[in-house]
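Asker: Structure in structure tokens, see below.
The values are calculated or read from the model by the stated rules, or taken from the named source; none is laboratory data. Nothing here was measured: the structure is a model prediction, and the numbers come from that model. Note that each Cβ is placed from the backbone with ideal geometry, even for glycine, and that neighbours are counted across all protein chains shown. Accessible surface is based on the protein model in full, side chains and every heavy atom, while ligands, DNA and RNA are left aside. Shrake-Rupley method; radii C 1.70, N 1.55, O 1.52, S 1.80 Å.
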Amino acid sequence: ARDERLRSLAGQVRGLLDAKKTGASTAAASPSKKMTPSEEEELRKTLKPAVDEALATELLLKYWGLEPAKPLRQLDSYDDVNYLVTTASGVRYTLKIHNGVESKPGNDAILEAQSDIMRRLQAGGTECPVPVPTKLTNEDMVFLPLPSLRGGHVRLAVRVLTWVEGRTMSDVGSDEVRLELAGAFLGGLSRSLEGFDHAAAHREHSWDLARSLDLRGFTPCISDKRRRKVVESILNAFERELLPVAAEGYLEMGVIMGDYNDANVIFRPNEASDAGVASPEWKVGGVIDFGDMVYTWRINELAIAMAYSMVSSWATADNERHCVDAAACVLRGFAATYRVGPTELALLRILTACRLACSYTMGMYVWVLGGWISTGHGLVGIGRV
């Protein structure tokens, strides 16, 4: 009976999206037509690269002159394909094949903006990946016809990035100290991005909290009526309480990294010279993944980090207490290294809830269409709301 209800729901969702699919396909074929964020999100799932290890190894050797010393290891990714590359000398890289939406003609500037933000942070002392130029043309990336999940070949951007050594916070585990350290690191990152801008960052992006109302087009994917009402109530609060404040220009604008979660924060063991700091065993060593960079309200950077902290390993260990405590730890660390104004502070609750609602809703959308769902950031997240 449950499977029958799910099949019925999937049919309803597909029916609601049918009118947009033709437009999305036309937009993909014609670079001059601009897709909406929801259309792009739909297309990302079918234009995810389908590049296997053999083809990936061939690309590495041909364009970068890199010969792996061991089999490539595929890394988790929402809509791209990433491989860990290890050379004979022990140097490690990431081979990244971008999805067909970011790779389509007209979107090259977005990928260039990602390169620029990484180099900006690296130059300022923030450890992060940076592009490795190709051996022949000395460019950051190449565009090639490669297989996608939709079938056939599409234009995909391929690049190699330096590897940030360490372990993700999701791997080492979170606690009060590490979450506060992560918040403090994010404050420093925000300071490094002051004054940074790129025309391509001024874009419509489904995961931009300023566009939270776009989620209304995806809420039919939520079969649980109670949870759907929770998401709808958050969006109503966003529209009622936050948008009027933003319209008055009270929220500072800027480019943000846009996806500061425990899978993108890198920790390293402290050196002996660092003994005596708050966390003697670990320190934040860097940050990865700039695919969601966007020009938006700067406070969104903190709200995103707080939302994901609420579904971290420490937060989920005690549903009654650690959930809110985790977000408070990130806020405390961030506020110690970067400014948080009273207006922004008052809106953090709604913005944090919006990110949890977005993660859950988009996860349900992918699941209904037969894809995978990140249960940690999706199903668990709605309980935090």
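Asker: I'd like to check something: does segment 258-281 contain any residue that is open to solvent by 60 Å² or more (accessible area, probe 1.4 Å), assigned to a loop (DSSP other than H, G, I, E, B) and modelled with pLDDT of 95 or more?
Answerer: No, segment 258-281 contains no residue that is open to solvent by 60 Å² or more (accessible area, probe 1.4 Å), assigned to a loop (DSSP other than H, G, I, E, B) and modelled with pLDDT of 95 or more.
Conditions tested, residue by residue: (1) surrounded by fewer than 24 Cβ atoms within 10 Å (Cβ to Cβ); (2) out of contact with any strand residue (DSSP E or B) (no Cβ under 6 Å at 6 or more places or on another chain); (3) assigned to a strand (DSSP E or B).
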| residue | (1), (2), (3) |
| --- | --- |
| 295 | yes, no, yes |
| 308 | no, yes, no |
| 325 | yes, yes, no |
| 330 | no, yes, no |
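Asker: Residues to consider are 152, 100; find the one that is over 16 Å from residue 288 (Cβ atoms), out of contact with any Leu (no Cβ under 9 Å at 6 or more places or on another chain) and not polar (S, T, N, Q).
Answerer: After applying the criteria, what remains is 152.
Asker: Could you say whether any residue in segment 356-364 is surrounded by fewer than 21 Cβ atoms within 10 Å (Cβ to Cβ) and either modelled with pLDDT of 90 or more or among the aliphatic types (A, V, I, L, M) (or both)?
Answerer: no
Asker: Then there is this: On the given criteria, is residue 348 at pLDDT 95 or above, among the aliphatic types (A, V, I, L, M) and open to solvent by less than 10 Å² (accessible area, probe 1.4 Å)?
Answerer: yes
Asker: Right, residue 91: open to solvent by 30 Å² or more (accessible area, probe 1.4 Å) and modelled with pLDDT of 95 or more or not?
Answerer: Yes: the conditions hold for residue 91.
Asker: Kindly establish whether residue 164 is touching a residue at least 60 places away in the same chain (Cβ under 8 Å), in a helix (DSSP H, G or I) and open to solvent by less than 70 Å² (accessible area, probe 1.4 Å).
Answerer: Answer is no for this residue.
Asker: Shifting gears a bit: Which one of these is among the basic types (Lys, Arg), modelled with pLDDT under 95 and either in a helix (DSSP H, G or I) or open to solvent by 10 Å² or more (accessible area, probe 1.4 Å) (or both): 240, 203?
Answerer: Going through 240, 203 in turn, just one is among the basic types (Lys, Arg), modelled with pLDDT under 95 and either in a helix (DSSP H, G or I) or open to solvent by 10 Å² or more (accessible area, probe 1.4 Å) (or both): 203.
Okay, residues lined up against (1) crowded, with 22+ Cβ neighbours inside 10 Å; (2) within 22 Å of the chain's Cα centre (by Cα):
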| position | (1), (2) |
| --- | --- |
| 71 | no, no |
| 84 | no, yes |
| 96 | yes, yes |
| 112 | no, yes |
| 118 | yes, yes |
| 126 | no, yes |
| 134 | no, no |
| 137 | no, no |
| 144 | no, no |
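Asker: Is segment 101-116 home to any residue that is touching a helix residue (DSSP H, G or I) at 6+ places or on another chain (Cβ under 7 Å), closer than 25 Å to residue 53 by Cα, not in a loop (DSSP other than H, G, I, E, B) and not charged (D, E, K, R)?
Answerer: Yes, that holds for at least one residue.
Asker: Open to solvent by less than 20 Å² (accessible area, probe 1.4 Å) and among the polar types (S, T, N, Q): does that describe residue 190?
Answerer: In short, yes.
Asker: Can you say whether residue 172 is surrounded by 19 or more Cβ atoms within 10 Å (Cβ to Cβ) and under 21 Å from residue 103 (Cβ atoms), as far as the supplied structure shows?
Answerer: Spelling it out, it is not the case that residue 172 is surrounded by 19 or more Cβ atoms within 10 Å (Cβ to Cβ) and under 21 Å from residue 103 (Cβ atoms).
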